[in-house]
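Right, one structure below, let's go through it.
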Amino acid sequence: IFDRDEVKDFDKIIDDAERNGINVGWSNPCFEVWLSAYFGNIPYTDTSVKCCNEFSNIYKKNANIDYKKSNENLYKNLIKFGDEHKAIERSKNKRKNFERDGIKKPSDMFPCTTVDVLIEEIRNKIEEK
């Protein structure tokens, strides 16, 4: 899993990984795109800094907690105050909208994420047990 931030060859890294059978979870421009989906539609932001700031505001509004990436309870709070199932659906719909509009390169899918694919896979494996 990685985010675009200022990663050079973002699309090439994803293409190379997929050609080698490695599934890649990515977020463009930053991981907070995925986190935002827990609380509603993914907001449009044009930089990672703005994306992080926007999520910080969303998180504070919904959880009444200041956002810190290092918070060990972040996932618990996302589940408690947000909705993971809706986050997965929002992320899927965002990608489908880009693809419907003919946008297929991850670097052009802005803002967007595929972290939901990994989360859904983990959830399915847990449910199988």
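Across the range 46-62, rounded Karplus estimates of 3J(HN,Hα) from the backbone phi angles (6.51 cos²θ - 1.76 cosθ + 1.60, θ = phi - 60°) give 9, 9, 5, 4, 5, 4, 5, 5, 4, 5, 4, 5, 4, 5, 4, 5, 8 Hz, Gly and Pro being marked x. A cut-off of 5 Å between modelled amide H atoms, ignoring neighbours fewer than 5 places along the same chain, links Trp26 with Phe2, Thr114, Val115. A simple rule links phi to the HN-Hα coupling: the Karplus curve 6.51 cos²θ - 1.76 cosθ + 1.60 with θ = phi - 60°, which for the range 109-116 gives 8, 9, x, 6, 7, 10, 4, 4 Hz, with x for Gly and Pro. Accessible surface for Ile79 stands near 80 Å², nearest 10, in the context of the full protein assembly shown (1.4 Å probe). Charge dipole of the chain (Cα centre as origin; +1 on each Lys and Arg Cβ, -1 on each Asp and Glu Cβ, all else neutral): 340 debye, rounded to the nearest 20. For the chain, the mean residue ellipticity at 222 nm estimated from helices alone is -16500 deg cm²/dmol, where every DSSP H run of n ≥ 4 contributes -39500 (n - 2.57) and the total is divided by all residues, rounded to the nearest 500.
The chymotrypsin sites (Phe, Trp or Tyr not before Pro) of the range 1-78 that DSSP puts in a loop, and whose beta carbon has at most 13 other beta carbons within 10 Å, are Tyr44. Rounded to the nearest Hz, the phi-derived 3J(HN,Hα) couplings of the range 25-39 under the Karplus curve 6.51 cos²θ - 1.76 cosθ + 1.60 (θ = phi - 60°) are x, 10, 9, 10, x, 8, 4, 5, 4, 4, 4, 4, 4, 5, 10, where x marks glycine and proline. Express the carbon and sulfur contribution to the solvent-accessible surface of the range 23-110 as a percent, rounded to the nearest whole number, probe 1.4 angstrom. Exposed carbon and sulfur together represent 46 percent of the surface.
Per-residue surface analysis assigns Lys50 an accessible area of about 110 Å², computed on protein heavy atoms at 1.4 Å probe radius.
Entry comment: accessible area of the range 2-120 is 59 Å² per residue, from protein heavy atoms only and a probe of 1.4 Å.
Remark: the range 40-84 carries a charge dipole of roughly 160 debye about the Cα centre, counting +1 on each Lys and Arg Cβ and -1 on each Asp and Glu Cβ. For Val33, neighbours were defined as the other residues whose beta-carbon sits under 9 Å from its Cβ, and their charges (Lys and Arg +1, Asp and Glu -1) total -1.
The order of Glu89, Glu54, Glu128 by accessible area, most exposed first and with a 1.4 Å probe, is Glu128, Glu89, Glu54. Placing Asp66, Asp5, Asp16, Asp116 in order of accessible area, with the largest value first and a 1.4 Å probe, yields Asp66, Asp5, Asp16, Asp116.
The values are calculated or read from the model by the stated rules, or taken from the named source; none is laboratory data. Here the structure is a predicted model, which means the values were calculated and not measured. Methodologically, a virtual Cβ is constructed for each residue, glycine included, from the backbone with ideal geometry; neighbour enumeration extends over all protein chains shown. SASA here: full protein model, heavy atoms, side chains in, ligands and nucleic acids out. Shrake-Rupley method; radii C 1.70, N 1.55, O 1.52, S 1.80 Å.
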